[in-house]
Ligand code: NAD
Ligand code: ZN
């Protein structure tokens, strides 16, 4: 948007990127934690930023809460309608996602833990083996009763054909997207991988996340306790700014290509 500050021209921003390059150049492997802010430039709004979905409409949080979803057919009908219209299915990865992919291709990425459910990291070419989608994915449906799963498009076709709240084709149960809603537990194996990512890598880079959703945000204090450098890239302040090694305040889409370019000495989008 035109009224947003141009971080690329800001000397503080550039100095912070340079400092981060210096820090990350000293380690062999980097773990990355991303949140909704890395995908806003792909046209997917975040939840808690100034234009966030929940900032504008606090009621929307209900649709992401399992108890409301299971008990209220109207919540489910609205959720399906929103899925059908969601920008997540047409969005494309941006230069922030591509920069992390370049880090991976260069052998520098330990693990990428994303809170995003949009699938854009894998779409940009980061090795799925190194990606932990800790809050699940919108690209699959799942049945809360039998655990059945399938491509989301299967369910969206039914909604477009007139089924407002399509039941599971296997058992007749309630279907949802394969995302972790509030009130649901994270997958233990994924959580373990997130912890290991903080413990085993040389540094942690947190991008586009308000660092307010636990236990995932806990990767940051864990890395700090172990004495690992922590770099935060975010448009707004986070609770860990004071403790972080370097804070890059600004756009992830501007910061990450510069950062990766400086680290790898030349950066190219992976096709
Ligand atoms: P959040 O909404 O709490 O915070 C996003 C942060 O990103 C904000 O602090 C904001 O200032 C910052 N930000 C926005 N645009 C930015 C940009 N271009 N560059 C740098 N920073 C930017 O998001 P969260 O911490 O990821 O947690 C919200 C939860 O919502 C997650 O668990 C996730 O599952 C879900 N979510 C996912 C998506 C997605 O998949 N794209 C979108 C919205 C919400
Ligand atoms: Zn079922």
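The values are calculated or read from the model by the stated rules, or taken from the named source; none is laboratory data. No experiment lies behind these values; they were computed from the predicted model shown. Glycine also receives a Cβ, built like all others from the backbone with ideal geometry; neighbour counts cover every protein chain displayed.
Yes/no per residue for (1) more than 16 Å from ligand 1 (Cβ to nearest atom); (2) not in a loop (DSSP other than H, G, I, E, B):
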{"position": "138", "(1), (2)": "no, yes"}
{"position": "145", "(1), (2)": "yes, no"}
{"position": "150", "(1), (2)": "yes, yes"}
{"position": "153", "(1), (2)": "yes, yes"}
{"position": "156", "(1), (2)": "yes, yes"}
{"position": "159", "(1), (2)": "yes, yes"}
{"position": "163", "(1), (2)": "yes, no"}
{"position": "170", "(1), (2)": "yes, no"}
> Which one of these is more than 29 Å from residue 30 (Cβ to Cβ) and away from ligand 2 (no atom under 16 Å from the Cβ): 206, 197, 161?
Replying inline: 161
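For region 94-112, enumerate the residues that are under 15 Å from the mean Cα position of the chain (by Cα) and either outside the structural domain of residue 259 (by TED's automatic domain parsing) or touching a residue at least 60 places away in the same chain (Cβ under 8 Å) (or both).
Correct list: 94, 95, 96, 98, 99, 100, 101, 111, 112.
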> Right, residue 82: outside any strand (DSSP E or B) and surrounded by fewer than 16 Cβ atoms within 10 Å (Cβ to Cβ) or not?
Replying inline: yes
> Does at least one position in region 207-227 carry a residue that is surrounded by 15 or more Cβ atoms within 10 Å (Cβ to Cβ) and more than 24 Å from residue 130 (Cα to Cα)?
Replying inline: no
> Which one of 103, 33, 70 is over 15 Å from residue 206 (Cβ atoms) and either at pLDDT 95 or above or part of a helix (DSSP H, G or I) (or both)?
Replying inline: 70
>> Taking the conditions exactly as written (in contact with a strand residue (DSSP E or B) (Cβ under 9 Å, 6 or more places away or on another chain) and buried (at least 22 other Cβ atoms within 10 Å of the Cβ)), does residue 133 satisfy them or not?
In response: yes
>> Please pick out the residue among 243, 203, 255 that is more than 16 Å from ligand 1 (Cβ to nearest atom) and buried (at least 20 other Cβ atoms within 10 Å of the Cβ).
In response: 203
